[in-house]
Amino acid sequence: AGMLNHLGILHGGVLMKKCDSTIGMLANEYTHSRVLTVAIKEFNFTKPGHVGDHIWFRTTLLKTSHHTMTFFTEVIGTDLDGHTEKVGEGVLVFVAVNEDLKPISVTPYHITNSKQRASVNQLIAAKL
């Protein structure tokens with residue numbers, strides 16, 4: 001009940017919270033440090049999520065700066081019949097911080113695979 005809105009579908013705020021937490025864990029793994037959400041640059045809901053749907057995230061690190069990481073995520077839903085479709089997408093920015101919550105350096109992100117680099121560059125052009 002706490003995950004649904006008054007229409008009986010997945011509450012958008014709940015979905016954003018799960019997305020933020022999931023990408024935060026990925027950012028933490030990348031930096032091996034604490035991370036904080038700096039910005040949700042964009043978040044679009046494209047389809048409703050329903051009771052019983054399996055919701056998952058396909059996330060790409062787009063770029064890093066001295067202190068931040070910018071991620072693009074697609075939110076995917078698979079219903080009880082096995083039909084899969086995108087239910088949302090967003091661009092979120094995280095900052096790496098120390099124990100005092102002060103920004104720290106992030107290792108630059110370099111893609112060595114040319115096919116992956118082209119895919120990420122296409123996402124950057126479309127989303128940033």
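The values are calculated or read from the model by the stated rules, or taken from the named source; none is laboratory data. From a predicted model like this one, the values you see are computed outputs, not experimental measurements. Cβ atoms come from the backbone with ideal geometry, glycine included; neighbour counts cover every protein chain shown. We work out accessible area using only protein heavy atoms, side chains counted, and drop any ligands, DNA or RNA first. Shrake-Rupley method; radii C 1.70, N 1.55, O 1.52, S 1.80 Å.
Taking (1) open to solvent by less than 50 Å² (accessible area, probe 1.4 Å); (2) under 22 Å from residue 127 (Cα atoms); (3) without any contact (Cβ under 8 Å) to a residue 40 or more places away in the chain in turn, residue 78 satisfies each apart from (2).
Kindly establish whether residue 31 is of a type in the set (Ser, Thr, Tyr) and in contact with a helix residue (DSSP H, G or I) (Cβ under 9 Å, 6 or more places away or on another chain).
On the way: of a type in the set (Ser, Thr, Tyr): yes; in contact with a helix residue (DSSP H, G or I) (Cβ under 9 Å, 6 or more places away or on another chain): no.
Against the criterion (of a type in the set (Ser, Thr, Tyr) and in contact with a helix residue (DSSP H, G or I) (Cβ under 9 Å, 6 or more places away or on another chain)), residue 31 does not qualify.
Residue pairs whose Cβ atoms lie under 6 Å apart, sitting 6 or more positions apart in sequence or on different chains, and linking a residue in the range 12-37 that is within 25 Å of residue 98 (Cβ to Cβ) to a partner that is open to solvent by 50 Å² or more (accessible area, probe 1.4 Å) and among the hydroxyl-bearing types (Ser, Thr, Tyr), are 20/37.
Residues in the range 10-24 that are surrounded by 17 or more Cβ atoms within 10 Å (Cβ to Cβ), of a type in the set (A, V, I, L, M, F, W, C) and out of contact with any Asp or Glu (no Cβ under 9 Å at 6 or more places or on another chain): 15, 16, 19, 23. Looking only at residues in the range 78-116 that are in contact with a His (Cβ under 9 Å, 6 or more places away or on another chain) and modelled with pLDDT under 95, the one that is farthest from residue 19 (Cα to Cα) is 80.
Hey, does the range 104-112 have a residue that's assigned to a strand (DSSP E or B), of a type outside the set (Lys, Arg) and open to solvent by 70 Å² or more (accessible area, probe 1.4 Å)? Checking the range 104-112: not a single residue is assigned to a strand (DSSP E or B), of a type outside the set (Lys, Arg) and open to solvent by 70 Å² or more (accessible area, probe 1.4 Å).
Residues in the range 42-59 that are under 27 Å from residue 107 (Cβ atoms) and open to solvent by less than 40 Å² (accessible area, probe 1.4 Å): 43 only. Taking the listed residues 27, 39, the one that is surrounded by 15 or more Cβ atoms within 10 Å (Cβ to Cβ), of a type in the set (A, V, I, L, M, F, W, C) and farther than 14 Å from residue 87 by Cα is 27, with no other qualifying.
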